[in-house]
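Working notes for the structure below.
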Amino acid sequence: GAGVSQSPSNKVTEKGKDVELRCDPISGHTALYWYRQSLGQGLEFLIYFQGNSAPDKSGLPSDRFSAERTGGSVSTLTIQRTQQEDSAVYLCASSLNPAGGPDTQYFGPGTRLTVL
Amino acid sequence: GDSVTQMEGPVTLSEEAFLTINCTYTATGYPSLFWYVQYPGEGLQLLLKATKADDKGSNKGFEATYRKETTSFHLEKGSVQVSDSAVYFCALSDLQGGADGLTFGKGTHLIIQP
């Protein structure tokens, strides 16, 4: 079946603009995760959804970052008033997340965001 | 909080050499441990995992054993190939740490020369 897909694959924006990044998880996966991969910070966890709710927003770096998930499927990560330090590859992952323990996370190809 | 420490490299080896990439961790609870691999131009893929002490994960000739006493999950392969050139990430998932996201090490860039 299809894997995790993300769009756009590349996004170049100007400082101060808002951007929306999209993630389509594997069908049937209830858990969805956003990560950020940058040269300086490595791979950082941003936010986790179980269904449509986000029990863990601890990794969001500032209040300019927000995310939502609708219908237990597609998720969007929104960055408002982008800054140059937001430049990174944003990765989405999904998992079955059965009760009682962590499950393997499957990653999408990422969106490379460049803020000029 | 939880953390993962691994050698960053780059690690350069000749084909057929023995590989070890060290990984140690700190965790609040009893984590599951993972190795992910990122080949050039591709996304992150799970290589192997272990969910409890003394478990051995294995895949594609790679192995790693969950050592609770030394809080380690070192990755090994007996004979590497050029096609193993990639970035390898050690990671943990610790539900008792309060988050279900993975905590990653910085990644180890492995270069295999023919």
Efficiency of FRET from Cβ geometry, A:SER62 and B:LEU13, R₀ 45 Å, rounded to 0.05: 0.65
Report ³J(HN,Hα) in whole Hz for each residue of segment B:73-88, in order, from the Karplus equation J = 6.51 cos²θ - 1.76 cosθ + 1.60 where θ = phi - 60°; Gly and Pro get x. 8, 6, 8, 9, 8, x, 8, 7, 10, 4, 5, 7, 4, 4, 9, 10
From phi via Karplus (6.51, -1.76, 1.60), per-residue ³J(HN,Hα) for segment A:59-66 in Hz, x at Gly/Pro: x, 4, x, 7, 6, 6, 9, 8
Could you give the dipole magnitude of the protein assembly as shown about its Cα centre, charging the beta-carbon of Lys and Arg +1 and that of Asp and Glu -1, in debye to the nearest 20? 300
Pulled fully out, how much extra length does the chain show between B:ARG67 and B:GLU42, if you take 0.36 nm times their separation in residues and subtract their Cα-Cα distance? 6.0 nm
Give me the inter-chain shielding for B:43-51: mean count of other chain Cβ atoms within 10 Å, whole number please. 4
Mind giving me the nanometre distance, one decimal, between the label points for A:GLN83 and B:SER58, set 7 Å out from Cα along Cα→Cβ? 4.9
Among the lysines, which have Cα under 30 Å from the Cα of B:LYS60 when same-chain residues fewer than 8 positions away are ignored? B:LYS49, B:LYS52, B:LYS68, B:LYS77, B:LYS106
Based only on other Cβ atoms within 10 Å, what is the fewest-to-most ordering of B:ASP55, A:ASP18, A:ASP56, A:ASP86? A:ASP18, B:ASP55, A:ASP56, A:ASP86
Is there a quick way to get the dipole size of segment A:30-102? I mean about its Cα centre, with the Cβ of Lys and Arg at +1 and of Asp and Glu at -1; what is the value in debye to the nearest 20? 100
Can you give the FRET efficiency for A:THR76 and A:LEU39, using 1/(1 + (r/R0)^6), R0 = 25 Å, r = Cβ-Cβ distance, to the nearest 0.05? 0.50
I'd like to know which of A:GLY16, A:TYR33, A:PHE107 lies farthest towards the positive end of the charge dipole of segment A:1-110, counting +1 on Cβ of Lys and Arg and -1 on Cβ of Asp and Glu. A:GLY16
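All of the numbers you see were taken from the coordinates with simple rules; none came from a lab. As the structure is a prediction and not an experimental result, all values here were calculated from the model. A quick note on method: Cβ atoms are made from the backbone with ideal geometry, for glycine too, and the neighbour counts reach across all protein chains shown.
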